Amino acid sequence: MATWLDVAGFTGYYESEELPIQLDGNGALTKLTWSADEPPGTSVTLYTNVSMNGGVSWSGWKAAVNGGSIPDIYTHSQLTDARVKFRFFLKTDDRAVSPVIREIGFLLEPVIEIENKGDLTIRPEIWITKDGSGDFSIINTSQHNREFKFTSLLDQEELYIHGDREQIETSIPLKYRYANFNDQYLELPYGINILKINGNGKLQFRYEFKRLQA
């Protein structure tokens, strides 16, 4: 519902209702965009407010940047019960001329965040159960978008991948999946690794940190 505050007739704002997010995953990569007509002498600014517990408590209003990320949502934010609301502030130097908001868009892409606390790069063991036939890939955005990818998997097919041994097993009898693999085993270098998943399925990792001996 729009709420207008007239301060000397030159400023006002519009506040949205609470918008549910509710994404699975460790968090999300986000992007916030909007478009508005801003004649000379006018301006539009946007603030957002985020709740991680269904609207019980809020992070507080933060200024947003057009084309930037949503403030207070990170790759490690738990978003299963998250909500967001926004406020557009409009200003004009002339009562006869005002800015016009055209649209606003929120892009949230679920990700998995894994922190490698060891000294060496990890090649984890991976279990994949494909949901629906098709391709499945994991992109490590922290490693120049290196992609681990299988093509033409079958519905409910189960894959086991041992990265260090470069071993691939499938639940499909008499079937090998090396020809369906791009030969880029998933690697997790030291530090934060942000993984994007393309394709539907269940995913499980097992790994241990590797340290250099003193």
Residues satisfying the stated conditions in segment 30-64, i.e. closer than 18 Å to GLU109 by Cβ and surrounded by fewer than 18 Cβ atoms within 10 Å (Cβ to Cβ): LYS31, THR33
First in segment 6-17 and exposed (fewer than 10 other Cβ atoms within 10 Å of the Cβ), second anywhere and at pLDDT below 90 and part of a strand (DSSP E or B), Cβ under 9 Å, 6 or more apart: ASP6/GLY12
Test: residue in segment 69-77 that is at pLDDT 95 or above and assigned to a strand (DSSP E or B): no
Residues of segment 81-110 classified as without any contact (Cβ under 8 Å) to a residue 12 or more places away in the chain and surrounded by 16 or more Cβ atoms within 10 Å (Cβ to Cβ), total: 0
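Conditions tested, residue by residue: (1) out of contact with any strand residue (DSSP E or B) (no Cβ under 6 Å at 6 or more places or on another chain); (2) surrounded by fewer than 15 Cβ atoms within 10 Å (Cβ to Cβ); (3) of a type outside the set (A, V, I, L, M); (4) under 22 Å from TYR190 (Cα atoms).
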site: PRO124; (1), (2), (3), (4): no, no, yes, yes
site: GLY134; (1), (2), (3), (4): yes, no, yes, no
site: THR141; (1), (2), (3), (4): no, no, yes, yes
site: HIS144; (1), (2), (3), (4): yes, yes, yes, yes
site: SER152; (1), (2), (3), (4): yes, yes, yes, no
site: LEU159; (1), (2), (3), (4): no, no, no, no
site: ASP164; (1), (2), (3), (4): yes, yes, yes, yes
site: THR170; (1), (2), (3), (4): no, no, yes, no
site: LEU174; (1), (2), (3), (4): yes, yes, no, no
Residue in segment 179-190 that is nearest to ASN145 (Cα to Cα), counting only those that are exposed (fewer than 15 other Cβ atoms within 10 Å of the Cβ) and in contact with a strand residue (DSSP E or B) (Cβ under 6 Å, 6 or more places away or on another chain): GLN184
Residue satisfying condition, being within 22 Å of ASP131 (Cα to Cα) and either assigned to a loop (DSSP other than H, G, I, E, B) or not aromatic (Phe, Trp, Tyr) (or both), within set LEU212, LEU195: LEU195
Among (1) touching a Pro at 6+ places or on another chain (Cβ under 9 Å); (2) assigned to a strand (DSSP E or B) - the single one LYS31 does not satisfy: (1)
Residue that is farthest from ASP119 (Cα to Cα) [pool: residues in segment 176-192 that are out of contact with any Phe, Trp or Tyr (no Cβ under 6 Å at 6 or more places or on another chain) and part of a loop (DSSP other than H, G, I, E, B)]: TYR176
Some residue of segment 142-151 being assigned to a strand (DSSP E or B) and either of a type in the set (Val, Ile, Thr) or over 20 Å from the mean Cα position of the chain (by Cα) (or both): yes
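Of all the residues that make up segment 156-173, how many are in a loop (DSSP other than H, G, I, E, B) and either at pLDDT below 95 or among the charged types (D, E, K, R) (or both)?
Let us first name the residues in segment 156-173 that are in a loop (DSSP other than H, G, I, E, B), namely 156-157, 163-166, 171-173.
Checking which are either at pLDDT below 95 or among the charged types (D, E, K, R) (or both) leaves us with 157, 164-166.
Number of matching residues: 4.
The values are calculated or read from the model by the stated rules, or taken from the named source; none is laboratory data. In this text the structure is predicted, and so the values were computed from the model without any measurement. Ideal geometry is used to build each Cβ from the backbone, glycine not excepted, and the neighbour counts take in all protein chains shown.
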